[in-house]
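Participant: Starting off with a structure, shown below.
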Amino acid sequence: AKFIVGLTGGIGSGKTTVANLFADLGITLVDADIVAKDVVAKGTEGLTRIIEHFGADVCQANGALNRTALREIIFNQPQQRDWLNNLLHPMIRQTMLKQVQQADSAYVIMVVPLLFENGLDKLVNSTLVVDVDSKLQISRTSARDKVATTQVEQIILSQMPREQRLSKADDIIDNQGDLNSLRSKVALLHHKYLELANKPD
Ligand code: ATP
């Protein structure tokens, strides 16, 4: 089976940036956010089931999912949120694993923002946490998204605490520095993963 590295980190820690550096080295990325959108795209089984359950209000005129409407329905209804997660999480897992098996690189990077929170760490062979302090999370995210720092602070508080995430990591990549130092850290990890991937299991 293919060697899978689970890449995670808090908001604005640099997951996408790190993932793209692995991609530059020829490594296939499997991105949970992209798969989560794919499984509810127009015409999918996932979207059909959602419309059957929640009604046509969660569907836009063009047939695509109305995410705002769906978010509002599940916001104050934990049972409905659970229903949705029970529908989508197995689909997302299955699709990600299919993409892993189709990948032709020596190992695969699975990018999952909520890797530990959603138990997807059980699917991977090794976990890699991108780490920065909350000050940098806030400044980089608000610069990127043009949002208020208070909004970023709230998201940080809703995620797993930094120390807990770090304690679960097999490897940690410190992203406090510049992009050049990040690139050399990624290169070192790449060699480590190539070795691990070539070990017989
Ligand atoms: P999210 O959780 O919101 O998806 P993320 O973890 O994928 O975010 P990125 O989008 O990769 O984080 O990085 C956040 C911002 O910080 C981006 O604008 C990115 O270009 C910038 N950034 C990432 N790493 C560095 C770095 N080492 N130096 C300077 N800027 C950086």
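Participant: Given the structure, is Q102 within 21 Å of E45 (Cβ to Cβ) and without any contact (Cβ under 8 Å) to a residue 12 or more places away in the chain?
Facilitator: On the way: within 21 Å of E45 (Cβ to Cβ): yes; without any contact (Cβ under 8 Å) to a residue 12 or more places away in the chain: yes.
Yes.
Participant: Here are I11, I73: which of them is more than 16 Å from the ligand (Cβ to nearest atom) and either outside any strand (DSSP E or B) or of a type in the set (K, R) (or both)?
Facilitator: Values: I11 fails: more than 16 Å from the ligand (Cβ to nearest atom).
Among I11, I73, only I73 is more than 16 Å from the ligand (Cβ to nearest atom) and either outside any strand (DSSP E or B) or of a type in the set (K, R) (or both).
Results for (1) surrounded by 21 or more Cβ atoms within 10 Å (Cβ to Cβ); (2) assigned by TED's automatic domain parsing to the domain that holds T95; (3) of a type in the set (D, E), shown as yes or no for each residue.
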site: V5; (1), (2), (3): yes, no, no
site: G12; (1), (2), (3): yes, no, no
site: T16; (1), (2), (3): no, no, no
site: N20; (1), (2), (3): no, no, no
site: F54; (1), (2), (3): no, yes, no
site: D57; (1), (2), (3): no, yes, yes
site: Q60; (1), (2), (3): no, yes, no
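Participant: So, one more: Grab the helices (runs of 4 or more DSSP H) fully contained in the range 103-201, keeping just those with 1 or more residues being away from the ligand (no atom under 16 Å from the Cβ) and closer than 23 Å to L25 by Cβ. It would help to see each step written out before you state the result.
Facilitator: Working: elements: 134-145, 149-158, 162-168, 179-198.
By residue number, 179-198.
Participant: Right, next: From the list D131, D171, D145, which residue is acidic (D, E), in contact (Cβ under 8 Å) with a residue 24 or more places away in the chain and surrounded by fewer than 18 Cβ atoms within 10 Å (Cβ to Cβ)? Give the steps one after another, and end with the answer.
Facilitator: Details: D131 fails: surrounded by fewer than 18 Cβ atoms within 10 Å (Cβ to Cβ); D145 fails: in contact (Cβ under 8 Å) with a residue 24 or more places away in the chain.
Checking each option against the conditions leaves just D171.
Participant: Tell me the residue from N125, N66 that is at pLDDT 95 or above, surrounded by 13 or more Cβ atoms within 10 Å (Cβ to Cβ) and touching a helix residue (DSSP H, G or I) at 6+ places or on another chain (Cβ under 6 Å), please.
Facilitator: None of the other options fit; the residue is N66.
Participant: Quick check on L21: is it of a type outside the set (D, E), within 16 Å of the ligand (Cβ to nearest atom) and out of contact with any strand residue (DSSP E or B) (no Cβ under 8 Å at 6 or more places or on another chain)?
Facilitator: Working: of a type outside the set (D, E): yes; within 16 Å of the ligand (Cβ to nearest atom): yes; out of contact with any strand residue (DSSP E or B) (no Cβ under 8 Å at 6 or more places or on another chain): yes.
Answer is yes for this residue.
The values are calculated or read from the model by the stated rules, or taken from the named source; none is laboratory data. Given the structure is predicted, the values throughout are model-derived calculations rather than measurements. Note: ideal-geometry Cβ built from the backbone for every residue, glycine included; neighbour counts use all protein chains shown.
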